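In what follows, a single structure is set out as structure tokens and then discussed.
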């Protein structure tokens, strides 16, 4: 059976690339989204050499026009998607009272608004109206840090958005969930290894709807 595409927003050398590789190995054509076109081209080359079908779509998750356009182009190129994985975030050191209004606005544009833009763009394009919308959460959404204040707010906001979207789409055949990762990705613990985490995303995509929840906590 021909599988629909998997759209991975926020692809870097860690979890993002592992997600692209995992879905490609499972037979999905994969679309990779990030700002750095040269780096994306390198990732696509790696996946092509492994026998996967991969395309690069440079886009800025902080820019709704850029993100919407890139997602729609990927759907046009690769066909209706089975899955969206929103893995974009801005990790920056800041405090609750740092006075950096623009820095906060830019961070939350990626951490929260970008997730909404991606979801509402991909949702109507899902193959046969069914599929998975998966979002990378983080432990800071549960236990905020005063040293990473905007990311803490962003992950908390993303978690709330996913819970609301999960409730809205209940019973429609669309699986919406966040993967809340409380440890350091690639920090040496096997449970937080990018490949191990990526396999959990694919498992969620294959999960029967009787087991669907709005959050998977990886702690």
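Residue order for 5, 50, fewest other beta carbons within 10 angstrom first, comes to 50, 5. For the chain, the longest principal axis of the Cα atoms and the long axis of helix 15-25 meet at an angle of about 10 degrees. Axis of helix 194-206 versus longest Cα principal axis of the chain: the two differ by about 60°, to the nearest ten degrees.
Which of 85, 162, 11 comes first, and how do the rest follow, when ranked by fewest Cβ neighbours within 10 Å? Display every interim value, and only then the final one.
Values: 85 31, 162 24, 11 28.
Listing 85, 162, 11 from fewest to most nearby Cβ atoms yields 162, 11, 85.
On the principal axes of its alpha-carbon atoms, the range 1-117 has extents of 53, 24, 21 Å, going from largest to smallest. Each of 127, 159 has some number of other Cβ atoms within 10 Å of its Cβ, and from fewest to most they run 127, 159.
Relative to the longest principal axis of the Cα atoms of the chain, the long axis of helix 64-78 makes an angle of roughly 20 degrees. Separation of the range 187-215 and the range 54-101 by C-alpha centroid, Å? Here the two parts' Cα centres lie 21 Å apart. Sorting 140-147, 30-37, 73-80 by average packing, meaning the other beta carbons within 10 Å per residue, from highest down gives 30-37, 73-80, 140-147.
How large is the helix-only mean residue ellipticity at 222 nm for the chain, computed as the sum of -39500 (n - 2.57) over DSSP H runs with n ≥ 4, divided by its residue count, in deg cm²/dmol to the nearest 500?
On the way: 7 runs with 89 residues, N = 219.
Using -39500 (n - 2.57) per qualifying helix, the result is -13000 deg cm²/dmol.
Computed on the Cα atoms alone, the convex hull of the range 58-105 gives a volume of 89 cubic angstrom per residue.
Every read-out reported here was derived from the displayed coordinates using simple, explicitly stated rules and does not represent laboratory data. Remember, it's a predicted structure, so these values are computed and weren't measured experimentally. All Cβ positions, even for glycine, are placed from backbone atoms using ideal geometry, and neighbour counts span all protein chains on display.
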